[in-house]
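To keep things clear, I will list the structure first and then write my remarks on it.
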Amino acid sequence: MMKILALLILLALSAVAHADVVYLPTPHGAERFKRAASRPETLALLGFVESQTRQTFCGPASLAAALNSLGIMDPTPAPLFPYHLLTQDSVFTSENQAVKTYTKVETVGLTLNELARFAANFGVSVEVIHAADVSAEAMRTKLRAALAAPGVRVIVNYSRIPLDQAGDGHISPVAAYDADSDSFLVLDVARYKYPPAWVSFDQLLAAMQRVDSDSGESRGALILTR
């Protein structure tokens, strides 16, 4: 009996420890969505998020979704003509190939600063925020303000480890903020692994503060403004 009780306590503690990640297709996730994710900007982004086509393409997939939702849809692949849509492949313009080649990204992905340079080459204003360089309150304020502004998108570079998810470094867009739960809606572009999730600010901050071994710097966020 005591062993069963101890097991139940451990399970309960485990559930509490990871309660800061609430997946969207759950009752609590849907409740937060109804409360916080009805802005046109959120819905525009949701309409363009797709699964990354390679396991290292979280950066290109996130950037394509963000730019498409801002109306920046070229270069468009020839098979889609006369329609316009930026894709995970077409973000590799000649300027971006000079930053990091398609083949190299296939191998190791993109760092936060490299993704920022990819975005800037499309003519958007880019603010790079390394989580180790700002206070927690400054980070929360910047993300909330960006999500509330028209013509602005947020992409986060974070570690999955603090979220108790498989893997480590990852990049995805953020669609909304729920004040009641102090959580952000991360639209995971590895949709074959995880659905969109509401992540508490504290947990997201911890995930962004981890060091990216490829850059030697902390992870963080990009704020893109058209």
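Quick note: the coordinates plus some simple rules give every number you see, no bench work behind them. Just so it is clear, the structure is predicted and the values come from calculations on it, not from any experiment. Note that we place each Cβ from the backbone using ideal geometry, even for glycine, and neighbour counts take in every protein chain shown.
A few notes on this one:
- Amide hydrogen neighbours beyond the local backbone of Leu24, cut-off 5 Å, H modeled: Ala197, Trp198
- Across the options Val105, Ala66, Leu24, the greatest Cα extent toward the positive end of the charge dipole of the chain (unit charges at beta carbon of Lys, Arg, Asp, Glu) belongs to Leu24.
- Each of Ile72, Ile223 has some number of other Cβ atoms within 10 Å of its Cβ, and from fewest to most they run Ile72, Ile223.
- Under the shape rule built on the C-alpha gyration tensor, where the axes satisfy a ≥ b ≥ c, segment 101-219 is rounded, since a/c falls short of 1.5.
- Under the simplified labelling scheme, the Glu106-Ala145 pair shows an inter-label distance of 4.2 nm, with each label point 7 Å from Cα along Cα→Cβ.
- Going from the residue with the fewest nearby Cβ atoms within 10 Å to the one with the most, Tyr158, Tyr177, Tyr194, Tyr83 rank Tyr83, Tyr194, Tyr177, Tyr158.
- Compactness check for segment 82-138: Cα Rg over 2.2 N^0.38 Å is 1.35.
- Top positive-direction residue, dipole computed over the chain with Cβ charges, set Val186, Gln88, Ala120: Val186
- Between amide H atoms placed 1.01 Å from N, distances below 5 Å from Gly169 occur with Arg160, all of them 5 or more places distant or on a separate chain.
- Assigned charges on the beta-carbon of Lys, Arg, Asp, Glu; segment 170-211 dipole about Cα centre (debye): 320 debye
- Reciprocal of mean inverse Cα separation for segment 22-225 (Kirkwood radius, Å): 16.8 Å
- Check: segment 22-225 dipole with +1 on Lys, Arg Cβ and -1 on Asp, Glu Cβ, in debye: 260 debye
- GNM result for the chain, Cα springs below 10 Å: residue of Ala64, Ala116, Ala148 fluctuating most strongly: Ala148
- Relative exposure of Ser213, Ser200, judged by other C-beta atoms within 10 Å (fewest first): Ser213, Ser200
- Size of electric dipole in segment 41-127: Cβ of Lys, Arg +1 and of Asp, Glu -1, about Cα centre, debye, nearest 20: 200 debye
- Gln97 paired with Tyr192, simple spin-label distance in nm, labels 7 Å along Cα-to-beta-carbon: 2.6 nm
- Other residues lying with their Cβ under 13 Å from the Cβ of Asn121 contribute a combined charge of -1, Lys and Arg counting +1, Asp and Glu -1.
- Near-label residues of segment 163-188 by backbone N, under 15 Å of a point 7 Å along Cα→Cβ of Ala30: none
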